[in-house]
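This report concerns only the one structure given below.
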Amino acid sequence: MSLELIDLLAYVLFGLKYLAIILAALMLVLGLDDLFIDLVYWSRKLIRRFRVYGSHERADEQLLYSVPEKPLAIMVPAWQEVGVVGEMARLAASTLDYENYQIFVGTYPNDPDTQSDVDAVCRHFPNVHKVVCARPGPTSKADCLNNVIDAILRFEADAKIEFSGFILHDAEDVISPLELRLFNYLLPNKDLIQIPVYPYAPEWWGFTAGHYVDEFSENHGKDVVVREALSGQVPSAGVGTCFSRRAIASLLEDGDGIAFDVQSLTEDYDIGFRLKQKGMKCIFARYPVSDPELALAKDWIVGMNRHFTQVICVREHFPRTWQHAIRQKSRWITGIVFQGTTNLGWSPRAVMNYFLWRDRRGLFAYLLSFLVNLLFLVLLTMWLITLVNPEAWRFQSILADSRLLSALLWINGLMLLNRLFQRAWFVTRFYGIFQGVLSAPRMMWSNFVNFFANLRALRQVLEMGDSRRVAWDKTTHEFPALGQPQGKPLGQRLVERGVLSEADLQAALTSPIRRSLGRELLLRGLVDSTQLVKVLAEQQDMDWAPLNPFHIDPPLIEALPKRIALRYAVLPVAEEDGTLVLASERAVSQVSLGAISRQLGQPVRCCLAPQGRVTLGLRHWYVGRQRNPETRRMMEKLARHADDEALLERVCQHQVLFGRLLQVRGMVPPSLFNQALIDFDPERESLGEHLMARGIITKDVLDHALEEQADEQREAYRLVEEAT
């Protein structure tokens, strides 16, 4: 080796020594910062363990049931989310232990596939509403949410209600069964409520998706808990966040009708500070439940802690590829570090500035971690060379004659062990020991991802000249997708089956009297109720069964309270393996079935029944003394001729539920009608009185609908009199 090269290597080692001292000193500062959070967390946990939980029982889910359900709105921005929204709505309807909520999905005029998918979802779930944004997409998430809030306010005006909470979710979120009950319990006393977010763990080799597991576990297990305790401020994670009505009203007032900053890439993060500055109450709610059936399903793995795993939280998949992770994190960095510094500045409160520093230190910390990793790899390579080739040139170690560097490295080494322990602990408590062990090698990968995300964010800001001009960069979402239920219309199905001619279908569709198509065909004698219900069941992917409403076992009637039967227009017809089978003339939403199941304390399922059979059964079994004398005589005569199927068929054609009549006539939109049903008690008032009291219909509409229903009943009376 030439002397020139030897001299060069000597200078390099000399430089590496002082670079190592500088890097070690800076790492010490960051390490002390993290150590402070650790000490506060564990000290606080120890104090609460003996002072709070030593003398008080931990609250569980029973406390959440003590508060009546308030109306809640879930806001979901959706750009190119085909299949994802449907799966979210299905899971929410089947798992949420709550009924009084509506989902508003923001779509774009230039995204017809997502719009079509949401339309299909709306047909199956009446509490899902499509919102079409004013501008073509993709705009920022904030812009989409502003359009959604406008739609929510219009829905409120039409439905004559006020939502107590406005909840942020993405289309791929999996929601805990008790999430809405937790928000409902805390509202309106809290203005921003954030629950933990836990990513789904990937395969062991999926380090990119896996590093999200590590970061969120520690952040939402410890860091945000300390932040709330010391500052009273909680940053929104963008999902699993609930805003009170007071908070949304305040944001709308500040923005002159626009709640979210459309130029911010992390509008949810900014809002946490804006609300805190207004003196509003922000909390991070880690609320465990004792019943595993009410927690999100998880396979039990060694190391898990039930207090951690059975917490009300949001689960979702995060980017699995390097490119998508870089894009997502660079958006976060641009929004929090660059835009946050410009928009929020610094606070007059020292403790708040401390946490602002922690939010923004990433731009510096990730670069530092990257350089430390590179330096470590260089020194490791040099050590390996001398190990493999003992005859190679040897240079003095950079640690020689430097007590300062040695001390710094020892201290930083201990702090690194603490960092590895802290992260592994919080990962293990939720995911199990295997993921906890993987968090150590994933920490280095996390440093590389964050470093290159910083570079991308910095490059974008420099190119645009202003951080607020950086465009929204949407990342891909992952969710097990539903098929697209683009069902054929009823009339077309009947024509294809040969039950109906095209001419007869057109005549029925153009009838001057506004009725549902199925009932119009029945009254014209073009189909019978069995043919109709078979096609409806096929269209809605449901079971069906013939029903004679007079041949129901009385114990089944006793099993279903009157208020449930009349409110949801269902009739109990059988019990199969502990499941109560309910008959209905139209599909009952999964949200309503879930509410019925919870009230009865047993599983329920729904099947379709032929036209008028359920309506007649409700009048026979449940209306009782409310019937007028004429109706009573008709029901008594029908009961005596219950086996006359032909008579039953003709009479049932004129049995129309009041609510169904209003919807078919266009007097009340289905979405508003379903919302009005949530607080309807048929044992205290009639449906018409309830709708009128809510301001959804007028007295004239009520009188007109009642008269039309009475006309149908008079025709049924005539048929019964003629036959008997």
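With R₀ fixed at 45 Å, the C-beta to C-beta distance from Asn110 to Asp291 puts the FRET efficiency at about 0.50. Once the Cα-Cα distance is subtracted from the 0.36 nm per residue extended length, the Ala157 to Leu374 segment shows a gain of 72.1 nm. Legend: helices of the chain (whole DSSP H runs) are marked when their alpha-carbon atoms reach 20 angstrom or more along the helix axis and their mean Kyte-Doolittle hydropathy is at least 0.0; marked are 3-51, 141-159, 362-388, 403-431, 433-464. Only helices enter the 222 nm calculation for the chain: every DSSP H run of n ≥ 4 contributes -39,500 (n - 2.57), and dividing by all residues gives -17000 deg cm²/dmol, rounded to 500.
Available extension along the chain between Trp410 and Arg306 is 33.8 nm, counting 0.36 nm per residue and deducting the alpha carbon span. Straightening the chain between Glu575 and Thr631 buys 17.2 nm, computed as 0.36 nm per residue apart minus the Cα-Cα spacing.
Treat each spin label as a single point 7 Å out from the Cα along the C-beta direction, and report the Arg524 to Lys298 distance in nm. Taking the simple label geometry, Arg524 and Lys298 are separated by 5.8 nm.
In percent, rounded to a whole number, the relative contact order of the chain is 15, using alpha-carbon pairs under 8 Å and six or more apart.
Scalar couplings 3J(HN,Hα) for segment 59-71, obtained by applying the Karplus form with A = 6.51, B = -1.76, C = 1.60 to θ = phi - 60°, are 6, 10, 5, 4, 5, 5, 7, 7, 10, x, 5, 9, x Hz; x denotes Gly and Pro. Note on the chain: antiparallel DSSP beta bridges, both residues inside, total approximately 35 percent of the bridges counted. If R0 is taken as 25 Å, the Cβ-Cβ distance between Arg694 and Ser66 corresponds to a FRET efficiency of 0.45.
Modelled spin labels at Met444 and Ser686, positioned 7 Å past Cα toward Cβ, are 7.8 nm from each other. Here segment 72-356 is assigned +1 on the Cβ of each Lys and Arg and -1 on the Cβ of each Asp and Glu. Its dipole about the Cα centre then comes out at about 700 debye. Name the residue from Ile333, Ala249, Thr510 whose Cα lies farthest towards the positive end of the charge dipole of the chain, charges +1 on Cβ of Lys and Arg and -1 on Cβ of Asp and Glu. Going by the charge dipole, the pick is Ile333. What does DSSP give for segment 72-356 in terms of the percent of beta bridges that are antiparallel, rounded to the nearest 5? In segment 72-356, DSSP labels about 30 percent of beta bridges as antiparallel. Mind giving me the nanometre distance, one decimal, between the label points for Glu712 and Arg349, set 7 Å out from Cα along Cα→Cβ? Label-label distance for Glu712 and Arg349, simple model: 5.9 nm.
Values quoted throughout were computed directly from the atomic coordinates according to the rules given, and no laboratory measurement underlies them. Keep in mind the model is a prediction, meaning the values are calculated, not measured. Cβ atoms come from the backbone with ideal geometry, glycine included; neighbour counts cover every protein chain shown.
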